[in-house]
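What follows is calculated from the coordinates using simple rules that are stated; it is not laboratory data. Not measured: the values here are computed from a predicted model. We place every Cβ from the backbone using ideal geometry, glycine too, and count neighbours over all the protein chains shown.
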Amino acid sequence: MNIHEYQAKEMFREFGVRVPEGIHCKSVSEALAAYDSLGSRIVAVKSQIHAGGRGKGTLYDPETGIEVMKGGVKIAFSREDVEEFSKNICGNRLVTKQTGPNGKIVSNMYVESGCDIDHEFYLAILVDRDEKSVLVMASTEGGMDIEEVAENTPEAIHKIWADPLNGLDRNDCLSLSRSLGLSGDSASQMMEMLESLYSMFIDKDCSMIEINPLVRTKTGSMVALDAKVGFDENAHFRHPWRAGVRDLSEEEDVEIRANDLGLSYVKLDGNIGCLVNGAGLAMASMDVIKLYGGEPANFLDIGGGATKESITAAFRIILEDENVEGILVNIFGGIIRCDMVANSVIEASKEIGLEVPLVVRFSGTNHKEGKAVLDESDISVHTVSTLSEGARRIVDSIGGDN
């Protein structure tokens, strides 16, 4: 679950992290009122969507498709600039490298006081599953895509780890500050910020905190000029307040419905629907489909407690995508029994009137029984024994390259 920059900065303030003054707006008039209230001649007018690359994005009229303005984050030097920029941002479609070609309609803006920047840094706090620790990653190359930094100047990325049981070590924070070339008050403020952000990360059950850029001002202050925060969805039950900061307009309607049914669904751009149990198996299924020349249409994890009703719902959701030309079902029976899934697949196929090619691979609990149930049924289905065979078969069934 993600939130907007303005919401993330409210949390930053709660934990004592320095951010510029800013006001959330939903209209041009509110943006102008915000400019008057802030009392800063120079402000940033920022589109608020759940995607990165806003500054390098392009805004389009949602009805005509005509380009309106380059950049979803603009620096305004006057009230007139604020009016112009907010008119071009609010209600238009912002396309960035992370939104895909369809982009996102901008319904929220953030008007923020200007900042006297001396240098831009990058800072992120993430879960490092390999190390079973919290990773703090920073770079002197702020304002750039971290992927480009990692590829071109990996020596510019510095890392420290925090054991969740022991917390963040102050000496590690000092070492990281020095690696970034900070000293004096800047180094002290950086250490305080790291400790505050780590506290927020743990307290709010975050999955990610990213600041790009984190800036040092001309007076040496360390200020979070951007804020991107994601939360671990497995911890929702501990945080009822999250419902109040969730922006459903930023999520696909089908993904919301899938979530309500206990399904993990993400729409993609391909033509092969995937129905799988387990996130890792779903990722592997998509990878193998691509290996054989196909393109997955979705990520869909039915989980370990799937029922006939949820499997039927999963088929319906997959087939709502008009691009889907075939479906691969890949089930590993652990808690779930493959013969139960087989009967559910048959019932769902008949209830929906499935017409696209269907390939099913079972492994694990009652996989032989499940395969026999499908093979003896009167629905059109190909059963296979391996993921590789299943991916090849579904790609071939829809006229793939291999």
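Sum -39500 (n - 2.57) across every DSSP H segment of at least 4 residues in the chain, then divide by the residue count to get the 222 nm mean residue ellipticity, nearest 500. Kindly include the intermediate steps, with their values, before the conclusion.
Numbers: 13 runs with 142 residues, N = 402.
The helix contribution divided over the chain gives -10500 deg cm²/dmol.
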- [ ] Using amide H atoms built 1.01 Å from N in the peptide plane, name the residues 5+ places from G333, or on other chains, whose amide H lies under 5 Å from its own.
- [x] S363, G364, T365
Open item on the list: Compute the distance from the alpha-carbon center of the range 197-218 to that of the range 129-146, in whole Å.
Closed with: 11
TODO: Name the shape class, rounded, prolate or oblate, that the alpha-carbon gyration tensor gives for the range 339-402, where a ≥ b ≥ c are the square roots of its eigenvalues, rounded holds for a/c under 1.5, and otherwise prolate holds if a/b is larger than b/c and oblate otherwise.
DONE: oblate
Open item on the list: Tell me whether the range 1-111 comes out rounded, prolate or oblate; compute the Cα gyration tensor, take square roots of the eigenvalues as a ≥ b ≥ c, and use a/c under 1.5 as the rounded threshold.
Closed with: oblate
Task: Per-residue ³J(HN,Hα) for the range 315-322, Karplus 6.51 cos²θ - 1.76 cosθ + 1.60, θ = phi - 60°, Hz, x for Gly and Pro - done: 4, 4, 5, 4, 7, 5, 7, 5
Task: Charge sum, other residues only, whose C-beta stays under 13 Å from A162's C-beta, Lys/Arg counted +1 and Asp/Glu -1 - done: -3
Open item on the list: Taking the Cα centroid of the range 255-299 and of the range 323-402, what is the distance between the two, rounded to the nearest whole Å?
Closed with: 14
Open item on the list: I want to verify a result. In a Gaussian network model of the chain, Cα cutoff 10 Å, which of these has the top mean-square fluctuation: R242, R216, R129?
Closed with: R129
Open item on the list: Quick check for you: which residues of the range 303-341 have the amide N under 13 Å from the point 7 Å beyond the Cα of L261 toward its beta carbon?
Closed with: 303, 306-321
Task: Within a Gaussian network of the chain (alpha carbon springs, distance under 10 Å), most fluctuating of K56, K350, K87 - done: K350
TODO: Match the structure shown to one of the listed values [x] 5, 19, 24, 21, 15, 10, 6, 1, 0; [y] 4, 21, 31, 26, 14, 4, 0; [z] 5, 19, 25, 22, 17, 9, 3, 0 of P(r) over Cα pairs in 10 Å bins from 0, in percent, computed from it, and give that label.
DONE: [z]
TODO: Go ahead and run the numbers for FRET between N152 and I117, Cβ-Cβ distance against an R0 of 30 Å, rounding to 0.05.
DONE: 0.85
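Give me the percent relative contact order of the range 1-140, please, defined on Cα pairs under 8 angstrom at least 6 residues apart. Present the calculation step by step, with values, prior to reporting the outcome.
Details: 257 pairs, mean separation 38.2, N = 140.
Dividing the mean separation by the residue count of the range 1-140 yields 27 percent.
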Open item on the list: With θ taken as phi - 60° and the coefficients 6.51, -1.76 and 1.60, list the Karplus ³J(HN,Hα) couplings across the range 105-113 in order, rounded to whole Hz; mark glycine and proline as x.
Closed with: 6, 8, 10, 10, 10, 9, 9, 10, 4
Task: Other-chain or far-sequence residues with amide H under 5 Å of H119's (modelled H) - done: R216
Open item on the list: Under 10 Å, Cα contacts only: if you run a Gaussian network model on the chain, which one of Y110, Y292, Y60 comes out with the highest mean-square fluctuation?
Closed with: Y292
Open item on the list: Between A243 and L165, what is the label-point separation in nm under the 7 Å Cα-to-beta-carbon projection?
Closed with: 3.6
Open item on the list: With θ taken as phi - 60° and the coefficients 6.51, -1.76 and 1.60, list the Karplus ³J(HN,Hα) couplings across the range 267-276 in order, rounded to whole Hz; mark glycine and proline as x.
Closed with: 6, 10, 9, x, 10, 10, x, 10, 10, 9
Open item on the list: I want to verify the translational diffusion coefficient of the range 195-293 in µm²/s; compute it with Stokes-Einstein, Rh as the Kirkwood radius over Cα pairs, at 25 °C and 0.890 mPa s.
Closed with: 144
Task: With Cα atoms, 0 to 90° folded angle of helix 170-179 axis to the chain main axis - done: 80
- [ ] Using the structure shown, select from K132/K371; K26/K228; K9/K87; K290/K371; K132/K308; K46/K204 the pairs with a Cα to Cα distance greater than 30 angstrom.
- [x] K132/K371; K132/K308
Open item on the list: I want the local charge near A124. Using Cβ-Cβ distances under 13 Å, sum +1 for each Lys or Arg and -1 for each Asp or Glu among the other residues.
Closed with: -4
Open item on the list: Please state the shape class of the range 60-171: rounded when a/c is under 1.5, otherwise prolate if a/b exceeds b/c and oblate if not, all from the C-alpha gyration tensor.
Closed with: prolate
